[in-house]
Amino acid sequence: MRMCRRPRVFTRARRRFQMSPKPYAVSVREAGRLQGLGRSSVYEQIERGELEAFKDGTRTLVTVESIERRQANLPRVKPKAKG
């Protein structure tokens with residue numbers, strides 16, 4: 001009896017996904033998803049200069065470095081004292 005195997009394309013695609021390098025830039029939608037924000041908020045951050053963005057044709061791309069820099073500069077939450 002012959003057993004069914006997963007298609008080879010699936011395993012190659014999975015391997016390629018695991019080994020993919022970190023992207024230089026992401027779409028506005030993806031930048032919002034990474035920060036837990038909507039697209040409008042991302043565009044506002046771009047206008048305020050908090051995020052670096054550039055145009056590739058009609059697409060607006062946000063640099064991952066600027067997203068990480070903004071996240072690192074956000075104020076930290078301090079735990080409340082018990083008592």
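Let's test the formula: R0 of 41 Å, r as the Cβ-Cβ distance of R33 and K82. What FRET efficiency results, to the nearest 0.05?
With a Förster radius of 41 Å, E is 0.70.
How do L74, L34, L51 line up, fewest other C-beta atoms within 10 Å first?
If I rank by nearby Cβ atoms, fewest first, I get L74, L34, L51.
Where does each of 61-68, 36-43, 75-82 land if you order them by average Cβ count within 10 Å, highest first? Walk me through the numbers on the way to the answer.
On the way: 61-68: 17.8, 36-43: 14.1, 75-82: 5.1.
Ranked from most to least packed, the peptides come out as 61-68, 36-43, 75-82.
What shape does the stretch 23-73 take by its C-alpha gyration tensor, where a ≥ b ≥ c are the square roots of the eigenvalues and a/c under 1.5 counts as rounded, a/b above b/c as prolate, and the rest as oblate?
Here the stretch 23-73 falls in the rounded category.
Every read-out reported here was derived from the displayed coordinates using simple, explicitly stated rules and does not represent laboratory data. The structure presented is a predicted model; accordingly, all values stated were derived computationally and were not measured. Neighbour counts run over all protein chains shown; Cβ positions are idealised from the backbone, glycine included.
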